[in-house]
Amino acid sequence: KYVSALITLGESSLAEAKARGGASGKLIKDPEILAQIKADVDALNRSLAQYEQVKRFSVLANEFSIADGEMTPTMKMKRNVIEARYKDVIDSMYAGGGE
(Lines give C-alpha, C1' and ligand atoms only; values in the text may rest on other atoms or scores of the structure.)
Protein backbone atom coordinates (compact mmCIF):
# COMPACT_ATOMS: atom_id res chain seq x y z
CA LYS A 1 0.00 0.00 0.00
CA TYR A 2 2.73 2.45 1.04
CA VAL A 3 6.16 2.45 2.65
CA SER A 4 6.35 2.03 6.40
CA ALA A 5 9.38 1.56 8.63
CA LEU A 6 10.40 -0.09 11.86
CA ILE A 7 13.03 2.17 13.40
CA THR A 8 15.47 1.22 16.13
CA LEU A 9 17.41 3.64 18.29
CA GLY A 10 21.07 3.58 19.14
CA GLU A 11 22.09 2.30 22.54
CA SER A 12 22.37 5.70 24.25
CA SER A 13 19.10 7.07 22.80
CA LEU A 14 17.30 3.88 23.74
CA ALA A 15 18.61 4.03 27.31
CA GLU A 16 17.55 7.69 27.54
CA ALA A 17 14.03 6.90 26.29
CA LYS A 18 13.64 4.05 28.77
CA ALA A 19 14.98 6.17 31.64
CA ARG A 20 12.39 8.85 30.86
CA GLY A 21 9.62 6.25 30.84
CA GLY A 22 9.15 6.59 27.09
CA ALA A 23 9.02 2.85 26.37
CA SER A 24 5.68 1.06 26.30
CA GLY A 25 5.80 -2.64 25.48
CA LYS A 26 7.52 -3.12 22.13
CA LEU A 27 7.47 0.59 21.21
CA ILE A 28 8.93 3.95 22.17
CA LYS A 29 6.09 6.39 22.87
CA ASP A 30 8.08 9.41 24.12
CA PRO A 31 6.62 12.41 22.22
CA GLU A 32 9.94 14.28 22.18
CA ILE A 33 11.83 11.36 20.63
CA LEU A 34 9.02 10.65 18.15
CA ALA A 35 8.98 14.30 17.07
CA GLN A 36 12.74 14.26 16.48
CA ILE A 37 12.52 11.05 14.45
CA LYS A 38 9.56 12.42 12.46
CA ALA A 39 11.65 15.47 11.58
CA ASP A 40 14.46 13.18 10.39
CA VAL A 41 12.03 11.05 8.34
CA ASP A 42 10.45 14.18 6.83
CA ALA A 43 13.90 15.46 5.85
CA LEU A 44 14.73 12.15 4.19
CA ASN A 45 11.36 12.07 2.43
CA ARG A 46 12.07 15.43 0.75
CA SER A 47 14.79 13.74 -1.31
CA LEU A 48 12.56 10.82 -2.38
CA ALA A 49 9.83 10.39 -4.97
CA GLN A 50 6.35 10.26 -3.44
CA TYR A 51 6.02 6.48 -3.91
CA GLU A 52 9.35 5.98 -2.08
CA GLN A 53 8.50 8.13 0.95
CA VAL A 54 7.98 6.64 4.40
CA LYS A 55 4.35 7.35 5.28
CA ARG A 56 4.23 5.71 8.72
CA PHE A 57 6.83 4.47 11.16
CA SER A 58 7.11 2.86 14.57
CA VAL A 59 10.08 3.17 16.90
CA LEU A 60 10.99 -0.10 18.58
CA ALA A 61 11.95 -0.29 22.25
CA ASN A 62 14.93 -2.50 21.49
CA GLU A 63 17.68 -2.85 18.93
CA PHE A 64 17.78 -5.77 16.50
CA SER A 65 20.37 -8.27 17.69
CA ILE A 66 22.09 -11.54 16.88
CA ALA A 67 21.25 -12.85 20.36
CA ASP A 68 17.53 -12.34 19.77
CA GLY A 69 17.76 -14.04 16.37
CA GLU A 70 16.85 -10.90 14.42
CA MET A 71 20.25 -10.56 12.75
CA THR A 72 22.81 -12.91 11.25
CA PRO A 73 26.42 -13.00 12.51
CA THR A 74 27.30 -10.80 9.50
CA MET A 75 24.78 -8.17 10.75
CA LYS A 76 22.13 -8.76 8.08
CA MET A 77 18.52 -8.48 9.19
CA LYS A 78 16.47 -11.67 9.25
CA ARG A 79 13.37 -10.15 7.71
CA ASN A 80 11.15 -13.19 8.24
CA VAL A 81 11.97 -13.28 11.97
CA ILE A 82 11.47 -9.51 12.34
CA GLU A 83 8.22 -9.60 10.38
CA ALA A 84 6.85 -12.44 12.52
CA ARG A 85 7.99 -10.89 15.82
CA TYR A 86 6.58 -7.43 15.03
CA LYS A 87 3.52 -8.49 13.01
CA ASP A 88 1.15 -6.61 15.33
CA VAL A 89 3.22 -3.40 15.05
CA ILE A 90 3.44 -3.71 11.25
CA ASP A 91 -0.29 -4.42 10.95
CA SER A 92 -1.08 -1.36 13.07
CA MET A 93 0.83 0.88 10.64
CA TYR A 94 -1.46 -0.28 7.83
CA ALA A 95 -4.73 -0.25 9.80
CA GLY A 96 -7.16 2.43 8.76
CA GLY A 97 -5.88 3.02 5.23
CA GLY A 98 -3.04 5.08 3.90
CA GLU A 99 -2.09 8.61 3.04
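Sparse packing (at most 14 other Cβ atoms within 10 Å of the Cβ) combined with a DSSP loop state is found for the following GluC sites (Glu not before Pro) in the stretch 42-90: GLU63. Over the chain, what is the percentage of antiparallel beta bridges among all DSSP beta bridges, to the nearest 5? Bridges in the chain that DSSP calls antiparallel: roughly 45 percent.
Spatially close Lys pairs in the chain, defined by Cα atoms under 17 Å apart and a spacing of eight or more places or different chains, total 8. Counting only Cβ charges, +1 for Lys and Arg and -1 for Asp and Glu, the dipole size of the chain around its Cα centre is about 220 debye.
How many percent of the accessible area of the stretch 1-71 is carbon or sulfur, using a 1.4 Å probe? Ligands and nucleic acids excluded, carbon and sulfur give 52 percent. For LYS29, the accessible surface of its heavy atoms amounts to roughly 110 Å² (probe 1.4 Å, protein chains only, rounded to the nearest 10).
Over the stretch 1-96, accessible surface divided per residue gives 64 Å², non-protein components excluded, 1.4 Å probe. Ranking THR74, THR8 by solvent-accessible area of protein heavy atoms (1.4 Å probe, all protein chains present), from largest to smallest, gives THR74, THR8.
The values are calculated or read from the model by the stated rules, or taken from the named source; none is laboratory data. All of these numbers come straight from a predicted model, not from anything done at the bench. Positions of Cβ are generated from backbone atoms using ideal geometry, with glycine treated the same way; all protein chains shown enter the neighbour counts. Quick note on the areas: whole protein, heavy atoms, side chains included, nothing else; ligands and nucleic acids left out. Shrake-Rupley method; radii C 1.70, N 1.55, O 1.52, S 1.80 Å.
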